[in-house]
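The values are calculated or read from the model by the stated rules, or taken from the named source; none is laboratory data. Bear in mind the structure is a predicted one, so any value in this text is a computation, not a measurement. Reconstructed Cβ throughout: ideal geometry from the backbone, glycine too, with neighbour counts over all protein chains shown.
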Amino acid sequence: MDNLLSSVRSILLTTPERWIRLTETLPTELLFAPAAPGEWSAVACLQHIIDTERIFQTRLQAFLGGQDFPDFNPDTQGTTSDEPPSPAALAATFAKLRVQSLQSLSQIEEG
């Protein structure tokens, strides 16, 4: 299991930096544009990742305790805002949340 968690951890480590680079280099209009009609934009995908990072801790604890965990429906439970979010601020938020998730995974590796 340590090998699997190590592999997962190395992949999870790269994601925040990639989002930070994308939000620093791509035009804002492109980040808000959906890839195709009816699809999510890059910013919507990033917001979804943030929403799921926020519930990761609860789900992990439930999983480790052999308990069911609540469903998450991004269409009804995802974050919504009247103002368009700043892509750079979203990337920074995601990076902070991912650090917490990686710390939780590290505790599993140590145990």
field: Looking only at the range 34-52, and only at residues there that are surrounded by fewer than 14 Cβ atoms within 10 Å (Cβ to Cβ) and among the small types (Gly, Ala, Ser), the one that is nearest to residue 99 (Cα to Cα)
entry: 35
task: Note down all Cβ pairs under 6 Å where the first residue falls in the range 61-78 and is modelled with pLDDT under 85, the second is among the small types (Gly, Ala, Ser), and they're at least six residues apart or on different chains.
output: 69/62
statement: For the range 24-45, pairs from a residue that is free of Cβ contacts under 8 Å to residues at least 40 places away in the same chain and at negative phi to a residue that is polar (S, T, N, Q) and surrounded by 10 or more Cβ atoms within 10 Å (Cβ to Cβ), with Cβ under 6 Å and 6 or more apart or across chains, are 33/41; 34/41
- prompt: Does the range 11-19 contain at least one residue that is closer than 19 Å to residue 98 by Cβ, surrounded by 10 or more Cβ atoms within 10 Å (Cβ to Cβ), touching a residue at least 24 places away in the same chain (Cβ under 8 Å) and in contact with a Pro (Cβ under 9 Å, 6 or more places away or on another chain)?
  reply: yes
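Among what's in the range 88-103 and is aliphatic (A, V, I, L, M) and touching a Leu at 6+ places or on another chain (Cβ under 9 Å), pick the residue that is farthest from residue 8 (Cα to Cα).
My answer is 90.
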- prompt: What is the one condition in (1) more than 12 Å from the chain's Cα centre (by Cα); (2) surrounded by 10 or more Cβ atoms within 10 Å (Cβ to Cβ) that residue 4 does not satisfy?
  reply: (2)
message: If I ask for residues that are part of a helix (DSSP H, G or I) and over 14 Å from the mean Cα position of the chain (by Cα), which ones from the range 60-79 would you list?
response: 60, 61, 62, 63, 64, 75, 76, 77
query: Taking the range 1-18, which residues are more than 25 Å from residue 71 (Cβ to Cβ), at pLDDT 90 or above and not charged (D, E, K, R)?
result: 13, 14, 16
